[in-house]
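A.B. asks: Could you have a look at this structure, given as structure tokens, before my questions?
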Amino acid sequence: MLKTHSCGELRPSYEGDAVKLAGWVHRRRDHGGLIFIDLRDHDGLTQVVFNPKEAAEAYAVADVSRGEYVLQVEGTVARRPKGTVNPNLPTGEIEVRAHAVTILNEAKTPPFYIVVDSDVDELLRLKYRYLDLRRQRMHETMVMRHRVTKYIRDYLTERGFIEIETPCLTAPTPEGARDYLVPSRVQPGHFYALPQSPQQLKQLLMVAGFERYFQIARCFRDEDLRADRQPEFTQLDLEVSFVEEEDMMRLLEELHTGLTEMVRPDLKMVKPFPRLPYEESVRRFGTDKPDLRFGLELVDLTDVLRESEFTIFRQAVAQGGVVRAICVPGGATFSRKRIDELTTFVHGYGARGLVSVALLGEGGLDSLTQEEIRSPVAKYFTVEQVQAMARLAGANRGDMFLIVADKPATANKALDGLRREVGRRLELADPDMLHYVLIYDFPMFEWHEEDERWYSVTHPFTQPRQEELHLLESDPGAAHSRSYDLVCNGWELGGGSIRIHRREMQEEMFGILGIGLEEAQRRFGHMLEAFEYGAPPHGGFATGIDRTVALLAQQDDIREVMAFPKTKSATDPMTGAPAEVTPEQLAELHIVVTKAEEDAS
Ligand code: ASP
């Protein structure tokens, strides 16, 4: 090799050794006739000293070297003089006195600082991702990501799982997102879909008798991108035969506990992971992805305010809606401006408005007076109503209610958003805590008004609760599935379910979802048929590796933990993907592009 040691390796015990190092010029300093270069490689930094009196030629080369030049240095390890030891650097007690140096490659001035973690424009970072990845934080994150997948592989291997690859060119799956399609050259007019997940194939591996499968699998979903979504992402995909929900939830918990303790022993965790039935989670937090690091739980004021003088509340309740709120401790100090901002904020979630009610004054609530109720619509509230609200919420003087009256789903969505926003503004969530929670007892279906039909809450291969089979026909909306999700700090890390493994049940499920026998046969005939050849009871889950690493690395955006992510409009500024192709390529694929230019502009 061009080096004998890495730049993170040398310690005082190497004193006097002749070594060869190779790496990048991290920093270069001229000091009283000496040049100091911090040489950086994958493993760390080493200070190299160039003395014109000891090695004139090497000094001259060091003198023309610039940041990010690639150097090979030959020298001797020496202890640093007293007073110059750097306790923050693993190699901080030594330096290498250079005898010779070779410039292996020069470097242009990078478009942004590599050595400091400054804010850099996203596009620029992605265009020069190979430079962005040189930055310490990015480098450490990639190393952490490797440790995460290695831990998972080792953990599962020790428990009898085997990793099996499934194809990327496959048939569409009903995971609920739009497919990425790949045209077939040899089958004109036919398309592969990139997998949204290996769902069907992993189930078929259970039919094939593997019993314990996993894969660190790439998945593709053509969706609107957000901080926690990318067109392609990585899942830990897993399936086991002869299991029930409890087995899978325990596996999820053990795996993530061990993983967190290995990668981030410094972070807090609540053990055992709390478990919340779906309905309780929605009632208390407005969502099935609650951030449990802080309270601000939702309170239902419908009963207290159903007879309210305030028409908006009365009407909402009369139309089947709810009046719900969060109560912000100490919120009475919120300025009008802040409340206006929060009102605009809930509009973004489709809520019609936000009503604030603050409890002013001192003393017990029994002595509350009308004048001590501060609200733009204070006159519509009676003292008794506000006292009842306060009792429900455990509120005191100085606190403030933020109330939404709307359809239940809209109110929950708005209050979930509001709860997180207020939590963020008041810094209620401990950034050094990973608060995992398992959510279970999901409803089987949700009704979509647009096309007036039922959709699976998870996917059509999920088994309904056995004791509720009779509901499937009579009242599908009331049926629950055998599925579970793992959530952490408000992020859905993943989930799974016990699957259907009998043909009749699967056909019935497709029927409820509006997929007739003929279509079911055409799209999923392979699954239906496989279930007739001794399919074992089975279940599994998938969790997002990108999200897991982002949480462990305390990053808010999964792009920070992906080596080469896409922009929010699904492009790659570095390679230029997606790109136009030649007319010949299109012809070969039997594709005619219409309106490409207009659409792109
Ligand atoms: N295939 C599901 C998903 O990717 C997970 C599972 O049910 O195992 O969301």
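A.B. asks: Given points 7 Å out from each Cα along the Cα-Cβ axis, report the Asp222 to Asp63 separation in nanometres with one decimal.
C.D. replies: Each label point lies 7 Å from its Cα, and together they span 6.1 nm.
A.B. asks: Related question: If I model a spin label at Arg185 and Ser6 as a point 7 Å from the Cα along the Cα→Cβ vector, what separation in nanometres do I get?
C.D. replies: 4.2 nm
A.B. asks: Whole Å is fine, so just give me how far the alpha carbon centre of region 387-443 lies from that of region 449-527.
C.D. replies: Measuring centre to centre over Cα atoms gives 30 Å.
A.B. asks: So if I take the alpha carbon set of region 85-240, get Rg, then get Rh from the Kirkwood formula, what is the Rg over Rh ratio?
C.D. replies: My calculation puts Rg/Rh at 1.12.
A.B. asks: Can I ask one more? Stretched out fully, how many nm does the piece from Glu309 to Glu297 gain, at 0.36 nm a residue minus the Cα gap?
C.D. replies: Extra length from Glu309 to Glu297 when fully extended: 1.7 nm.
A.B. asks: Over 30 Å between C-alpha atoms is what I'm after, so list which of Lys271/Lys413; Lys407/Lys566; Lys268/Lys566 land there.
C.D. replies: Pairs exceeding the cut-off: Lys407/Lys566; Lys268/Lys566.
A.B. asks: Tell me, in nm to one decimal, what length is gained between Asp43 and Arg502 on full extension, where the rule is 0.36 nm per residue of separation less the Cα-Cα distance?
C.D. replies: Difference between extended and current length: 159.9 nm.
A.B. asks: Here's something else I'd like to know. Once you order the gyration tensor axes a ≥ b ≥ c over the Cα atoms, which shape class does the chain get: rounded for a/c under 1.5, otherwise prolate or oblate by comparing a/b with b/c?
C.D. replies: Note, shape of the chain comes out oblate.
A.B. asks: Right, something else. Taking the Cβ-Cβ separation of Thr571 and Lys337 as r and a Förster radius of 35 Å, what is the calculated FRET efficiency to the nearest 0.05?
C.D. replies: The value I calculate is 0.40.
A.B. asks: Okay, next question. Rounded, prolate or oblate: which fits region 124-171, taking a ≥ b ≥ c as square roots of the Cα gyration tensor eigenvalues, rounded meaning a/c under 1.5, else prolate when a/b beats b/c?
C.D. replies: oblate
A.B. asks: Could you give each residue of region 419-427 its phi-based ³J(HN,Hα) in whole Hz, using Karplus coefficients 6.51, -1.76, 1.60 with θ = phi - 60°, and x for Gly or Pro?
C.D. replies: Once θ is set to phi - 60°, the couplings for region 419-427 become 4, 5, 5, 5, x, 5, 5, 8, 6 Hz.
A.B. asks: Could you grab the Rg to Rh ratio for region 1-106? Cα atoms only, Kirkwood for Rh.
C.D. replies: Rounded to two decimals, Rg/Rh equals 0.92.
A.B. asks: Which whole-percent values make up P(r) of region 424-557 when all C-alpha to C-alpha distances are grouped in 10 Å steps starting at zero?
C.D. replies: That works out to 11, 33, 29, 18, 8, 1, in percent per bin.
A.B. asks: Counting other Cβ atoms within 10 Å, keep those with at most 12, restrict to DSSP loop, and tell me which chymotrypsin sites (Phe, Trp or Tyr not before Pro) in region 342-402 are left. Walk me through the numbers before you get to the answer.
C.D. replies: Working: sites: Phe345, Tyr349, Tyr380, Phe381, Phe401; in loops: Tyr349, Phe381.
In loop regions of region 342-402 (DSSP not H, G, I, E or B), there are no sparsely surrounded chymotrypsin sites (Phe, Trp or Tyr not before Pro).
A.B. asks: Per-residue ellipticity at 222 nm for the chain, helices alone: DSSP H runs ≥ 4 residues times -39500 (n - 2.57), over residue total, nearest 500 deg cm²/dmol?
C.D. replies: Values: 18 runs with 178 residues, N = 601.
-8500 deg cm²/dmol, from helical runs alone.
A.B. asks: Principal axes first, then extents: for the Cα atoms of region 166-255, list largest minus smallest coordinate on each axis, whole Å, largest first.
C.D. replies: Principal extents (largest minus smallest coordinate, Cα): 45, 36, 19 Å.
A.B. asks: Additional query: Roughly speaking, what is the centre-to-centre gap between region 535-579 and region 153-192 when only Cα atoms are used, to the nearest Å?
C.D. replies: Cα centres, region 535-579 to region 153-192: 16 Å.
A.B. asks: Taking R0 as 25 Å, what's the FRET efficiency between Gln585 and Tyr130 from their Cβ-Cβ distance, rounded to 0.05?
C.D. replies: 0.35
A.B. asks: Moving to a separate point now. Compute, for the chain, the length of the dipole vector about the Cα centre, with Cβ point charges of +1 (Lys, Arg) and -1 (Asp, Glu) only. Units Debye, rounded to 20.
C.D. replies: 1940 debye
A.B. asks: Have a look at Leu360, Val346, Thr333 and report the one farthest towards the positive end of the charge dipole of region 328-380, computed about the Cα centre with Cβ charges (Lys/Arg +1, Asp/Glu -1).
C.D. replies: Towards the positive end, the residue furthest out is Val346.
A.B. asks: For region 212-358, what does the alpha-carbon gyration tensor say about shape, rounded, prolate or oblate, given a ≥ b ≥ c as the root eigenvalues, a/c under 1.5 as rounded, and a/b over b/c as prolate?
C.D. replies: Judged from the Cα gyration tensor, region 212-358 comes out prolate (a/c at least 1.5, a/b above b/c).
A.B. asks: Which of the pairs Lys289/Lys568; Lys20/Lys53; Lys202/Lys568; Lys108/Lys150 have their Cα atoms more than 26 Å apart in this structure?
C.D. replies: Check vs 26 Å cut-off fails for Lys202/Lys568; Lys108/Lys150.
A.B. asks: Could you give the dipole magnitude of region 519-601 about its Cα centre, charging the beta-carbon of Lys and Arg +1 and that of Asp and Glu -1, in debye to the nearest 20?
C.D. replies: Here region 519-601 has a charge dipole of around 300 debye.
A.B. asks: Of Cys488, Gly576, Ile114, whose Cα points farthest to the positive end of the dipole of the chain (charges on the beta-carbon: +1 Lys, Arg; -1 Asp, Glu; origin at the Cα centre)?
C.D. replies: Checking the options against the dipole of the chain, the answer is Ile114.
A.B. asks: Hey, another quick one. Between beta-carbons, use under 13 Å as the cut-off and find the net charge around Glu253, counting Lys and Arg +1, Asp and Glu -1.
C.D. replies: Local charge sum for Glu253: -3.
A.B. asks: Suppose every Lys and Arg Cβ carries +1 and every Asp and Glu Cβ carries -1, with no other charges. What dipole size does region 241-351 come out with about its Cα centre, to the nearest 20 debye?
C.D. replies: 620 debye
A.B. asks: Okay, moving on. Asp119 to Ser367: FRET efficiency via 1/(1 + (r/R0)^6), r the Cβ-Cβ distance, R0 51 Å, to the nearest 0.05?
C.D. replies: It comes out at approximately 0.50.
A.B. asks: When the scattering of region 496-597 is computed by the Debye formula from its Cα atoms alone, each counted once and equally, what is log10 I(q)/I(0) at q = 0.15, 0.19, 0.25 Å⁻¹?
C.D. replies: -0.92, -0.88, -1.29
A.B. asks: If you don't mind, there's one more thing I want to ask. Between Phe210 and Arg80, with labels modelled 7 Å along Cα→Cβ, what's the label distance in nm to one decimal, could you check?
C.D. replies: According to this spin-label approximation, the distance is 5.1 nm.
A.B. asks: In region 385-485, what is the volume of the convex hull around the alpha carbon atoms, normalised per residue and reported in Å³?
C.D. replies: 186 Å³
Read-outs: derived from the displayed coordinates by stated rules, not from any lab. Not measured: the values here are computed from a predicted model. FYI the Cβ positions are ideal-geometry reconstructions off the backbone, even for glycines, and counts take in every protein chain you see.
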